[in-house]
Amino acid sequence: MDGPENRAAAERPSETSTPPPDPLFEQHLREALNEAQYRAVTADEGPHLVIAGAGTGKTRALTHRVAWLVQRGIRPESILLLTFTRRASQEMLRRATGLLDERCRRVSGGTFHSFANLILRRYAERLDFHPRFTILDRTDAVDLVGIVRSEAGYAGQGKRFPRSDTLVDLFSKHVNTQAPFTDLLEQDMPQFLDDLGAIEDLFGRYRRRKQEQNVLDYDDLLLLLRDLLRHHTEVRQELAARYRHVLVDEFQDTNRLQAHISALLASVHRNIMAVGDDAQSIYGFRGATVRNILDFSKIFPGAEITKLEQNYRSTQPILDLGNGVLRSAKEGIGKELFSDLDEGEIPTLVRTPDDHGQAEFVARRILELREEGVPLSEIAVLARAAWHTAELELELQQRNIPFRKFGGIRFVEAAHIKDVCALLKLTANPFDGPAWFRALQLLEGIGPKTARAITDHVIERDGDVRVLVQPKLTSRRYGNELSSLSDLLQRASADSVGVSARLEQVLDAYSPWMERKYDDANQRRNDFDSLAVIAGRYAEVESFLADLAIDPPDFGRGGPSDDQEDEWVTLSTVHSAKGLEWHAVFILQMNAGRFPSFQSLGKEADYEEERRLLYVAVTRAKRYLYLMKPEEVGNRYRSYEVGELSPLLGDIRDLRSLVSEHVHVPGQELLQGDATVPAHDDSAQLQRIEDYFAD
């Protein structure tokens, strides 16, 4: 038969016949790519792993690979490009189109989740789902888990049980890592190990309810696509015939499900190119695993491996330090980054007396760099955890240096910090209605309505906290906790109680309330160390609270800046900085227990991920790199000396040849012209002002 479909097939370029290369395109490849990039772009069919070191042109290689395949006669629709964001996919295809022509826009590009959605709607009935299923976002999932949790009788059973949002996170990690609930609870939430049976029961109920309602959550998209490919041979073969070349970006960030899906899609033709960097696998907490790259050749024996090692971002001294970090790794696909950029400054290890000295040095050096012509937008301060920047945020604000923070919640806006500040406010001002409203709802059995009524009652009695122990209140089920709150406020409000002691009393009282309110209370406690260190510099609680609250800068990514020059310093966790770069980078808290995190010590896999995290941080810098090491780090109990430099740096062979050391003494190294205004007699000017406004 010579129908339209057969004619179209006959006219379609053959997948097996290769047209001659375009001389102009070939010339462009030779000029635009280095030797390793060229090998990756023009690789033959079959499995291929491209190890793309930091700043080595990963995106350039992928986009040229797409254009090269299309130029060689591969139908664009048969090329599947899987990325982690829709924006990344669109940008790559836009660049490929610019390299070749409009055919590249027809390449099948998208995220794992969007691809899964497309395929599952086509084959939903094979998995007992209707193709018109709807997708739950995280908020929807939390709501549904809450309903199931309540129906099963796990809410209000007289003992603490994981909240709905905690359960959703736990279920998600279980699906994406394929790890048993027992292992996940032991690692992250040991307080709920006794509830293992109930948690597993709830997970089953949640899955059944989703199927009854024909809804899927984000994790179901991956899980069901994997199951479809795994258990339905004809579907897998149909998809293999449709997608003849599978390209996967950021392969080090894939979880076990995504890697399994990628392998199944290429199981028939083996035409898969995975691009990533094992040294930048830093999202283990999201379920990503470095094993996907390290074991690629086990999944696809005989896979070709190409290493991209020429860095186009950083100077060689910075790369030497990054290479030193990697050489200490227990395992990995070895590579040695190099650069043709002009020789730059050697990275500096800066020792400061304490956290405050660290903040002062960073702020002063930022001002110096700006005077030297480095825009604020080309300066970043990176931290292992968001709370490590608390002291610096205040220092930058006091010096009027605009900044934005990415990764985590701004320190003073974290819910538990706001809780503590509300209690502190009441020790200074018992008429603070919003503080009462927030503090009262920490107590078991008090909701918004009761909190408003008690707030009004206290304020009507001239802020006398003793009204909290009146019989009509103490007889209620929350009476004992009201009495404890009244006692706390009376003790902490005494004039003889300083700011640090007042904060200490508040934190002690707040601890059981926080345990009840937040399932991740242990992690939140870290912030109190920073809060206590800052409080120790104040003589009055009013000044302390005012400095935390006044004139907060804009922290939203991509939003308008309040600064007239529309530039700001970036404060970021290292995780949020991946893929970005700056002229100058500061890495905070290079102390044991801070970077690497205390939780990783003694756990080899976690510690190795911390090493990769440091490599990512180091390789964000283009020319200037400062590793900050406070000699003392404060906590809520005392200031203690950190005995050793971060073991991640201590592991580096010949560290002294890779960094220079600088000891910063606060108060020294003032910028030129950074002096106090000389004292003079201003009485005449004051009189002129008074005379003017008197008229």
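Values in this text are rule-based calculations from the coordinates and carry no lab data. In this text the structure is predicted, and so the values were computed from the model without any measurement. Virtual Cβ from ideal backbone geometry, glycine too; neighbours counted across all protein chains shown.
Worth pointing out:
- For the chain, the antiparallel share of DSSP beta bridges with both residues in that region comes to about 10%.
- Between ALA521 and HIS130, the modelled labels are 4.5 nm apart [label points 7 Å from Cα along Cα→Cβ].
- Placing pseudo-labels 7 Å out from each Cα toward the beta carbon at PHE25 and PHE431 gives an inter-label distance of 7.7 nm.
- Pairwise centroid distance, computed over Cα atoms, of segment 424-500 with segment 177-238, Å: 44 Å
- 5 angstrom amide H check on LEU349, placed H, neighbours 5+ away: LEU627, SER660, GLU661, HIS662
- When the square roots of the Cα gyration tensor eigenvalues are ordered a ≥ b ≥ c, the ratio a/c for segment 134-213 is 1.5 or more and a/b does not exceed b/c, which makes its shape oblate.
- Computed from the C-beta positions of ASP464 and GLN237 and an R0 of 45 Å, the FRET efficiency is 0.05 to the nearest 0.05.
- Tensor-based shape of the chain (alpha-carbon gyration tensor, a/c under 1.5 rounded, otherwise prolate or oblate): oblate
- Using a Förster distance of 51 Å, the FRET efficiency for GLU631-TYR312 (Cβ separation, nearest 0.05): 0.90
- On the beta carbon distance between SER484 and GLN211, with R0 = 56 Å, the FRET formula returns roughly 0.75.
- Stretchable slack from ASP508 to HIS457, in nm (0.36 nm times residue separation minus alpha-carbon distance): 15.7 nm
- Taking the chain and dividing mean pair separation by its residue count, relative contact order in percent (alpha carbons under 8 Å, at least six apart): 16 percent
- Potential extension, ALA32-ASP44 segment - 0.36 nm per residue separation minus Cα distance: 2.4 nm
- Shape of segment 413-549, Cα gyration tensor, a/c cut at 1.5: oblate
- Segment SER543-THR59, extension gain: residue separation times 0.36 nm, minus the distance between their alpha carbons: 169.2 nm
- Computed label-point distance, nm, for sites VAL663 and ASP165 using a 7 Å Cα→Cβ extension: 4.6 nm
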